[in-house]
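Just below is one structure, and these are the notes that go with it.
The values are calculated or read from the model by the stated rules, or taken from the named source; none is laboratory data. Worth saying up front: this structure is predicted, and the values here are computed from it rather than measured. Cβ placement follows ideal geometry from the backbone for every residue including glycine, while neighbour counts extend to all protein chains displayed. Remember, those area values only see protein heavy atoms, side chains included, never the ligands or the DNA or RNA. Shrake-Rupley method; radii C 1.70, N 1.55, O 1.52, S 1.80 Å.
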Amino acid sequence: MIQTVLVVGSGMMGSAIGVCAAAAGNHVIYYDNSADFPQKIKQRTDDLLSELLSYELIAASDVDPIKARLDTSANLRATASDADLIIEAIYENLEAKQKLFKELDGLADPSIPILSNTSGLRITDISSHMQHPERSLAAHFWLPAHLIPLVEIVIGDKSSPELAERIKEILIGWGKSPVIVKKDLPGQLANRILQAVIREAVNIVEIGLASPEDVDKAVQMGMALRFPVWGPLEHVDAVGFDICKSVQDTVLPEISDRKQASPLFAEMMATGCSGVKSGEGFYDWSKKDINALVKRRNDFIVFAIKQINQSHLSTERELKEE
Ligand SMILES: NC(=O)c1ccc[n+]([C@@H]2O[C@H](COP(=O)([O-])OP(=O)(O)OC[C@H]3O[C@@H](n4cnc5c(N)ncnc54)[C@H](O)[C@@H]3O)[C@@H](O)[C@H]2O)c1
């Protein structure tokens, strides 16, 4: 059983991953190489716990015990040798992650799993300087990590598949919904699907088929409402292969099969538009409030998770009664 989890890199993702581990009963030690991180992590974890409490995902009586399980350390050597599980969430930089994995490999007993939260790098490359790469895996938590259940566990060329199964069980115990990605390819699993959606969404705007608002509305008010309980492959089975084949034969030749990012991105960046951070992208962000949108997104995620959990519980109850 995992007891002490060391989280290396205590920024946006690391802080939330640590809170998930502590909420599941583990002792969490945060390590970060920035000087003021103990103050920052205290503020971040307080905010995350307040949000979980406001959504009634934890009880008021849980808050102090969770806080008591959150520690910081400025000594990587001591904490790495005490940890039962290590999760890395430092900057997305291959050399920095390789250096850290090599260092952790020398500090922690070979039986201790070392996971990377990388969103885009290969765990095979990150672990390439380790003596024991079999204990490395990617464990890609999705943002916001304290709310989204998905974690993609990616098996590198030298990772142990048995370890992936063990980590999956541990994450289920944290209330997560992990998936195992059997090959270490760019985009892991979910990002491959998301990028296919974004490629066509941008393409639809580029060819003048619809406005950005209507593209988003078509996804939000259509397929996205089905997806939490009706996956794309369940959809294919429900519709039938004959119909899906016919639709694909008609539609696929018409949609984007672009192999590079849309030129629209470079064109818009040349005019100073890069999305929310510049104030303008597909939308005029001087008229839209990103913080309010994030709040609505998180509200909906929590609402959906509660509904899904509720419907799983009633299905299980019905099955027991039969
Ligand atoms: N932000 C997202 O949406 C998102 C989603 C999923 C995964 N990820 C991945 O998670 C990782 C972290 O992303 P983030 O958004 O939390 O970044 P962040 O910038 O918020 O945090 C990174 C932290 O790592 C620390 N750090 C950097 N180098 C370090 C080192 N060598 N040792 C110890 N600490 C170090 C920094 O001081 C910082 O606090 C990246 O690999 C990123 O690709 C990000």
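When you scan the stretch 196-210, do you find a residue that is assigned to a helix (DSSP H, G or I), under 15 Å from the mean Cα position of the chain (by Cα) and closer than 18 Å to L252 by Cβ, even just one? If you could, list the steps in order and put the result at the bottom.
The first filter runs over the stretch 196-210 and keeps only residues assigned to a helix (DSSP H, G or I), leaving 196-206.
Checking which are under 15 Å from the mean Cα position of the chain (by Cα) leaves us with none.
No, the stretch 196-210 contains no residue that is assigned to a helix (DSSP H, G or I), under 15 Å from the mean Cα position of the chain (by Cα) and closer than 18 Å to L252 by Cβ.
Whether any residue in the stretch 153-168 is away from the ligand (no atom under 14 Å from the Cβ) and within 27 Å of E51 (Cβ to Cβ) is what I want to check. So far as the stretch 153-168 goes, yes, one or more of its residues are away from the ligand (no atom under 14 Å from the Cβ) and within 27 Å of E51 (Cβ to Cβ). From the list L6, L48, the lone residue that is away from the ligand (no atom under 12 Å from the Cβ), of a type outside the set (K, R) and at pLDDT 95 or above is L48.
May I ask you to say which residue of N309, N298 is farther than 27 Å from S211 by Cα and either in a loop (DSSP other than H, G, I, E, B) or under 25 Å from the mean Cα position of the chain (by Cα) (or both)? Even if it seems obvious, please write down each step before you answer.
Values: N298 fails: farther than 27 Å from S211 by Cα.
Checking each option against the conditions leaves just N309.
The number of residues in the stretch 175-209 being surrounded by 13 or more Cβ atoms within 10 Å (Cβ to Cβ), closer than 23 Å to Q260 by Cβ and among the small types (G, A, S) comes to 4.
Contact map, the stretch 12-28: first residue of a type in the set (V, I, T), second residue more than 8 Å from the ligand (Cβ to nearest atom) and assigned to a helix (DSSP H, G or I), Cβ cut-off under 7 Å, separation 6 or more or different chains; pairs are V19/T45; V19/L48; V19/L49; V28/G18; V28/A21; V28/A22. Would you check which residues across the stretch 97-131 are in contact with a helix residue (DSSP H, G or I) (Cβ under 6 Å, 6 or more places away or on another chain) and open to solvent by 70 Å² or more (accessible area, probe 1.4 Å) and list them? Hits for the stretch 97-131 are H129, Q131. Can you find even one residue in the stretch 164-171 that is farther than 22 Å from D125 by Cβ, open to solvent by less than 20 Å² (accessible area, probe 1.4 Å) and under 15 Å from the mean Cα position of the chain (by Cα)? Yes, the conditions are met somewhere in the stretch 164-171.
Taken together, the residues in the stretch 255-268 that are open to solvent by 70 Å² or more (accessible area, probe 1.4 Å) and part of a helix (DSSP H, G or I) amount to 2.
From the list V151, V63, which residue is touching a helix residue (DSSP H, G or I) at 6+ places or on another chain (Cβ under 8 Å), within 17 Å of A23 (Cα to Cα) and part of a strand (DSSP E or B)?
Working: V63 fails: part of a strand (DSSP E or B).
One residue alone meets the criteria, V151.
Cβ separations smaller than 7 Å between residues 6+ apart or across chains give the following pairs from the stretch 250-278 residues that are among the basic types (K, R) to residues that are surrounded by 13 or more Cβ atoms within 10 Å (Cβ to Cβ) and modelled with pLDDT of 95 or more: R258/R199. The residues on offer are L76, L57, L85, L94, and the sole one that is open to solvent by less than 50 Å² (accessible area, probe 1.4 Å), modelled with pLDDT of 95 or more and under 26 Å from K168 (Cβ atoms) is L85. Among the residues of the stretch 85-108, the one identified as among the aromatic types (F, W, Y) and near the ligand (Cβ under 10 Å from one of its atoms) is Y91.
What pairs come up if the first residue lies in the stretch 93-106 and is farther than 18 Å from S119 by Cα, the second is near the ligand (Cβ under 10 Å from one of its atoms) and open to solvent by less than 40 Å² (accessible area, probe 1.4 Å), and their beta carbons are under 6 Å apart, counting only those six or more places apart or on different chains? As it stands, the answer is none, since no pair meets every condition given. The single condition from (1) surrounded by 16 or more Cβ atoms within 10 Å (Cβ to Cβ); (2) at pLDDT below 95 that K158 fails is (2). Can you find a residue that is near the ligand (Cβ under 10 Å from one of its atoms), in contact (Cβ under 8 Å) with a residue 24 or more places away in the chain and within 19 Å of G9 (Cβ to Cβ) anywhere in the stretch 58-76? Within the stretch 58-76 (the criterion being near the ligand (Cβ under 10 Å from one of its atoms), in contact (Cβ under 8 Å) with a residue 24 or more places away in the chain and within 19 Å of G9 (Cβ to Cβ)), the answer is yes, since at least one residue qualifies.
Filtered by the rule that a residue be open to solvent by 60 Å² or more (accessible area, probe 1.4 Å), part of a helix (DSSP H, G or I) and either near the ligand (Cβ under 9 Å from one of its atoms) or touching a Lys or Arg at 6+ places or on another chain (Cβ under 9 Å) (or both), the stretch 21-41 gives a lone residue, K40. Scanning the stretch 121-146 for residues that are more than 10 Å from the chain's Cα centre (by Cα) and part of a loop (DSSP other than H, G, I, E, B) yields L121, R122, S127, S128, H129, M130, Q131, H132. Restricting the stretch 269-317 to residues that are open to solvent by less than 50 Å² (accessible area, probe 1.4 Å) and within 20 Å of L57 (Cα to Cα), the residue that is modelled with the lowest pLDDT is S314.
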